[in-house]
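So the structure is just underneath, and the comments pick up after that.
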Amino acid sequence: MTTRTSLQKTLGIGLTLGVTLLWLLGVTASGLVAQHEMNEVFDSALEETAQRILPLAVTDILNRENGAGNQKAPALKDHDEYLTYLVRDEAGNILLQSHDADPGVFSRTPAEGFSDTLTHRLYGVSAVSNTIYLEVAEPLAHRRESALEAGLALLLPLLVLIPVSLLGVWWIVRLSLRKVVDFQQDIESRGAGDLSPVVEEQLPREFEPIAGAINRLLERLHRALESERSFTANSAHELRTPLATALAKVQRLKTRMPDDYLKNDVAEIEEALRSLSVLSGKLLELAKAEGGGALSQSQQDLVPILAMIARDFEAQAPGRVVLSLPEREVNSFLDPDAFAILVRNLIENALKHGSRSEPVKINLNDNGVLRVCNGGARVPPEQLALLRNRFARAKTDAAGSGLGLAIADAIAKGAGMTLHLRSPATGRQDGFEAELNLACI
Ligand SMILES: Nc1ncnc2c1ncn2[C@@H]1O[C@H](COP(=O)(O)OP(=O)(O)OP(=O)(O)O)[C@@H](O)[C@H]1O
Ligand SMILES: [Mg+2]
């Protein structure tokens with residue numbers, strides 16, 4: 001399972017959730033405080049109202065001519081009552097009530113002070129030696145509504161806060177990671193052969209050790225590759241002279257041999273020395289190809305070089321090389337020596353691994369696309385994919401060391417080109433084709 005996450009996403013979501021949670025806690029705390037304070041204000045208003053109405057109600061009741069009895073205080077104007085009141089004697093008989101008052105809201109017997117029912121907040125006061133009670137009722141729904149409105153007003157900013165926080169964090173993280181992204185792109189865009197140090201400056205301090213570690217690794221890699229290359233090149237070079245001397249001596253020896261039987265043995269030694277010599281030559285070519293230098297400073301026309309190489313091969317295998325060249329020049333930054341090594345390997349392969357009864361077609365078109373095609377058995381895809389590896393060979397009767405395509409591929413890569421290998425060849429059921437665009441650099 002992959003656990004890779006984006007820093008930007010994690011920080012954006014994490015910080016926004018944190019801010020939202022803290023805000024919600026703040027809203028809850030301030031909501032509770034606001035509710036408490038509002039209750040105090042509402043209670044004080046309720047108490048004040050009761051104190052104000054009480055003397056008026058007592059005067060009204062005591063001045064009645066017909067004594068006790070329920071009376072409704074007349075409404076001067078038609079309106080809904082928010083606060084209702086009830087004036088009762090100590091037994092609970094109603095003496096006076098506001099015009100909207102519902103006795104069911106109040107308790108059976110009157111009481112002094114604050115009390116709550118399910119729906120109302122009540123406040124009671126008494127007068128005339130606790131014989132007359134006045135109770136004022138205020139619906140709790142109103143208080144709840146006020147608390148809810150206050151809470152909602154505090155929650156509302158969250159609607160803005162969440163997207164602003166997400167955007168803000170995303171933007172800040174993006175800004176701070178810009179140099180890191182540049183750094184990543186710089187590494188990604190490098191060619192496989194580019195082992196120069198990465199730029200450490202301007203990176204956020206936290207990332208500096210990574211860049212340092214990469215540079216140290218690149219340096220070690222560079223040194224290791226360099227010593228491997230120089231070892232291959234030196235060994236191949238050192239082998240060349242003794243091999244050539246030995247070969248010359250063996251050839252001389254062969255001519256002096258009177259015995260045919262011994263002559264055969266010497267011929268075998270000569271053949272072994274020859275293939276050793278070819279191998280050392282290929283190793284040297286590979287070391288050069290992998291050592292870079294596949295690009296030249298200025299563009300060169302590669303058509304005459306290809307024509308010359310094809311002529312050489314035509315001399316070795318008369319009638320088998322079919323060359324088609326473009327009308328105009330094909331200029332490329334590919335180094336002419338590297339191009340010659342690359343093309344020689346491709347044509348040599350086509351001649352020695354391809355069907356002997358079919359020609360090798362070498363085609364360079366006006367767009368700079370070079371194709372070397374030959375007939376012969378198909379190479380299975382799983383083998384085709386491995387042929388660029390050093391010493392990799394598919395089924396073939398021809399001798400060889402398996403380095404030719406590794407050399408061609410190293411030159412193409414070093415020049416920023418792609419060597420395409422196909423089997424069957426384009427437009428055929430069999431055969432092999434190598435293709436390279438020389439003008440793509
Ligand atoms: N044109 C081709 N047609 C058919 N098979 C090919 C062709 N070119 C390469 N191959 C296959 O790919 C293998 C690898 O080729 P490569 O040039 O790397 O090595 P080689 O030709 O065998 O040896 P070397 O080039 O070192 O003398 C060959 O052995 C052969 O099986
Ligand atoms: Mg070869």
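The values are calculated or read from the model by the stated rules, or taken from the named source; none is laboratory data. None of the values given here were measured: they were computed from a predicted structure. Please note: Cβ atoms are built from the backbone with ideal geometry, for glycine as well, and neighbour counts cover all protein chains shown. Surface areas here come from the heavy atoms of the whole protein model, side chains and all, with no ligands, DNA or RNA. Shrake-Rupley method; radii C 1.70, N 1.55, O 1.52, S 1.80 Å.
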Within region 373-407, the residues that are near ligand 1 (Cβ under 7 Å from one of its atoms) and β-branched (Val, Ile, Thr) are Val379, Thr396
Out of (1) among the polar types (S, T, N, Q); (2) modelled with pLDDT of 85 or more; (3) out of contact with any strand residue (DSSP E or B) (no Cβ under 7 Å at 6 or more places or on another chain), the one Ser115 does not meet is (3)
Could you list all residues from region 388-418 that are in contact with a strand residue (DSSP E or B) (Cβ under 8 Å, 6 or more places away or on another chain), touching a residue at least 40 places away in the same chain (Cβ under 8 Å) and within 13 Å of ligand 2 (Cβ to nearest atom)?
Leu405, Ala408
Which one of these does Leu386 not meet: (1) within 16 Å of His420 (Cβ to Cβ); (2) assigned to a helix (DSSP H, G or I); (3) open to solvent by 70 Å² or more (accessible area, probe 1.4 Å)?
(2)
If you check Leu438 against the conditions, is it touching a residue at least 24 places away in the same chain (Cβ under 8 Å), open to solvent by less than 10 Å² (accessible area, probe 1.4 Å), within 14 Å of ligand 1 (Cβ to nearest atom) and not small (Gly, Ala, Ser)?
no
Hey, can you tell me all the residues within region 313-330 that are surrounded by 13 or more Cβ atoms within 10 Å (Cβ to Cβ) and within 24 Å of Arg356 (Cβ to Cβ)?
Phe313, Glu314, Ala317, Arg320, Val321, Val322, Leu323
Every residue from region 212-263 that is surrounded by fewer than 14 Cβ atoms within 10 Å (Cβ to Cβ) and hydroxyl-bearing (Ser, Thr, Tyr):
Ser227, Ser230, Thr241, Thr245, Thr255, Tyr261
What are the residues in region 347-372 that are within 15 Å of ligand 1 (Cβ to nearest atom), in contact with a helix residue (DSSP H, G or I) (Cβ under 7 Å, 6 or more places away or on another chain) and open to solvent by less than 10 Å² (accessible area, probe 1.4 Å), if any?
Ile347, Val360, Ile362, Val372
Residues being under 30 Å from Glu135 (Cβ atoms), touching a residue at least 60 places away in the same chain (Cβ under 8 Å) and exposed (fewer than 14 other Cβ atoms within 10 Å of the Cβ): count how many of those fall in region 1-57.
2
All positions within region 116-125 that are open to solvent by 50 Å² or more (accessible area, probe 1.4 Å) and either small (Gly, Ala, Ser) or assigned to a strand (DSSP E or B) (or both)
Asp116
Considering (1) of a type outside the set (D, E, K, R); (2) more than 15 Å from ligand 2 (Cβ to nearest atom); (3) open to solvent by 20 Å² or more (accessible area, probe 1.4 Å), say which one Ile341 fails and leave the rest.
(2)
Which numbered condition Gln300 fails, given (1) at pLDDT below 90; (2) outside any helix (DSSP H, G or I):
(1)
So which of Ile94, Ile172, Ile132, Ile162 ends up being open to solvent by 50 Å² or more (accessible area, probe 1.4 Å) and in contact (Cβ under 8 Å) with a residue 24 or more places away in the chain?
Ile162
Identify the single condition in (1) at pLDDT 95 or above; (2) open to solvent by 60 Å² or more (accessible area, probe 1.4 Å); (3) of a type in the set (Phe, Trp, Tyr) that Phe333 does not satisfy, given that it satisfies every other one.
(1)
